[in-house]
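Here the structure comes first, spelled out in structure tokens, and everything after it is commentary.
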Amino acid sequence: MTRLGHDRGLPLWAKIAMPLLMLLILGGGVAAWLLTGQTGPAGGGDYTLEVKSGDTLAAVAQELEDNEVIRSADALRYEMRRAGTDGSLKEGLYDLSGQMTVAEVAEALAAAPRIPTVKVAVPEGRRIKDLPAIFEKSGFDAAAIKEALNDPSLSEYAETNLEGFVFPATYEFKEGASAKEVVTEMAERMNQEFTPERVAQAKAEGLSVYDWVTLASMVQAEAANNEEMPIIAGVFLNRLRDGIALGSDPTVAYGLGKDLPELDRGAGDFTTDHDWNTYTRQGLPKTPINNPGEPALLSILDAQRKMDDGRDALYFLHAPDGKIYVNHTYDEHLRDNARYRSQ
């Protein structure tokens with residue numbers, strides 16, 4: 001009787017609030033109990049979920065249920081709310097499986113996604129004029145790539161365009177990346193080659209970074225393989241020091257807008273004077289003539305400047321047998337030309 005009298009004395013708000021409080025306390029446990037049979041593997045196969053901008057957890061959970069990755073969209077939403085990760089979805093790809101539990105799916109969705117990428121291989125020694133077609137095959141806008149490659153502001157060291165200053169390598173670019181983002185990444189990768197130690201070595205040879213890249217691009221164009229590069233670099237450095245014209249066919253072709261096999265001596269290609277004709281002018285050509293790789297860049301810093309007999313190497317030639325021959329005098333060079341070219 002006393003207890004009933006005490007209950008009758010409770011305020012109305014307390015009588016209403018107490019049941020609600022009990023429901024709140026028990027709510028989490030009730031929800032977990034109701035979803036107990038929905039948290040195991042759904043039994044489906046592998047599934048790659050793509051989360052796009054604006055996608056909600058509700059929509060994603062329903063997609064996963066529809067594709068038998070999870071048994072219940074509600075179970076996944078509950079699990080992620082319980083773990084405090086319901087707001088962690090990011091744009092990208094999530095590799096999931098119907099063999100995963102809801103907890104495992106929730107954990108995967110809380111982690112960083114896999115970003116879809118496009119792979120592009122940029123070979124060593126290609127000119128910037130060659131690159132738009134390479135990128136177009138991978139789905140990029142060739143005109144936009146060309147425009148970006150002609151923007152010297154994207155590199156710390158470039159001058160008229162980015163010739164010589166995009167690093168040749170195999171890249172994985174984010175799908176949908178702009179031409180400017182793509183070209184900037186290649187230019188920044190080339191900048192990594194210009195370490196303080198290497199720049200100091202080039203300076204010791206009397207070369208600025210721009211000169212170093214220009215000379216490396218010539219070595220890249222002339223060498224049949226990486227092993228030849230230090231030999232050719234040594235010849236060019238010796239000729240620069242001695243004031244002898246470099247006499248490089250690839251520079252002539254570049255200045256005329258031709259590929260090397262298109263050069264025509266009879267048409268006057270080698271006597272036509274221009275800023276890249278290293279037969280008619282001494283010193284380096286006006287700009288790099290392609291985009292050299294790391295072996296070509298390093299060959300300038302570790303050049304083989306001496307012949308086996310200790311004399312300076314001033315001439316080289318490629319013989320039909322695949323070997324490279326170096327000489328100190330022009331007469332020796334002519335002799336070896338006659339000897340090996342006639343074989």
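The values are calculated or read from the model by the stated rules, or taken from the named source; none is laboratory data. Source: prediction; values computed, not measured. Positions of Cβ are backbone-derived with ideal geometry, glycine not excepted, and every protein chain shown enters the neighbour counts. Just so you know, the surface numbers come from the protein's heavy atoms only, side chains and all, with ligands and any DNA or RNA stripped out. Shrake-Rupley method; radii C 1.70, N 1.55, O 1.52, S 1.80 Å.
Can you list residues from other chains, or at least 5 along the same chain, whose modelled amide H is less than 5 Å from the amide H of residue 315?
Amide H neighbours of residue 315, under 5 Å, 5+ apart: 327.
Counting alpha carbon pairs within less than 8 Å and at least 6 residues apart, what relative contact order, in whole percent, applies to region 179-335?
About 25 percent, as a whole number.
Using only the Cα atoms of region 172-319, build the gyration tensor, take square roots of its eigenvalues as a ≥ b ≥ c, and label the shape rounded, prolate or oblate: rounded if a/c is under 1.5, else prolate if a/b is larger than b/c, else oblate.
Note, shape of region 172-319 comes out oblate.
Given all pairs of different Cα atoms, what value in angstroms does the Kirkwood hydrodynamic radius of the chain take?
25.7
Determine the calculated [θ] at 222 nm for the chain from helices alone, applying -39500 (n - 2.57) to every DSSP H run no shorter than 4 residues and normalising by the residue count; nearest 500 deg cm²/dmol.
Dividing the helical sum by the residues of the chain leaves -13000 deg cm²/dmol.
Name the residues whose placed amide hydrogens come within less than 5 Å of the amide hydrogen of residue 97, ignoring near sequence neighbours (fewer than 5 apart) on the same chain.
Result for residue 97 returns 47.
Using a 1.4 Å probe on the protein heavy atoms only, what accessible surface does residue 279 show? Give it in Å² to the nearest 10.
Approximately 100 Å² of residue 279 is accessible to the 1.4 Å probe.
Pull up the cross-link candidates among the aspartates and glutamates for residue 129, meaning alpha carbon to alpha carbon under 15 Å and not fewer than 8 places away within one chain.
By straight Cα distance, residue 129 reaches 141, 147, 151, 163, 259.
Let me spell out the model: positive unit charges on the Cβ of Lys and Arg, negative unit charges on the Cβ of Asp and Glu, origin at the Cα centre of the chain. What dipole size does that give, in debye rounded to 20?
Computed charge dipole of the chain: roughly 960 debye.
Where does each of 122, 326 land when they are ordered by accessible area, with a 1.4 Å probe and the largest first?
The ordering from most to least exposed comes out as 326, 122.
Net charge near residue 237: determine it from the other residues with C-beta under 9 Å of the C-beta of residue 237, scoring Lys and Arg +1 and Asp and Glu -1.
+2
So which of 203/286; 119/286; 137/174; 174/258 end up more than 24 Å apart, counting from Cα to Cα?
Long pairs (Cα-Cα over 24 Å): 119/286; 174/258.
Which whole-number percent gives the relative contact order of the chain, counting Cα pairs below 8 Å spaced six or more residues apart?
After rounding, I find 12 percent.
Under a 1.4 Å probe, what is the accessible area of the chain per residue, stated in Å²?
Result: 54 Å² per residue.
Rounded if a/c is under 1.5, else prolate if a/b beats b/c, else oblate: with a ≥ b ≥ c from the C-alpha gyration tensor eigenvalues square-rooted, which is region 132-177?
Prolate, because a/c is 1.5 or more and a/b exceeds b/c.
Going by Cα centres, region 219-284 and region 60-74 are how many Å apart?
65
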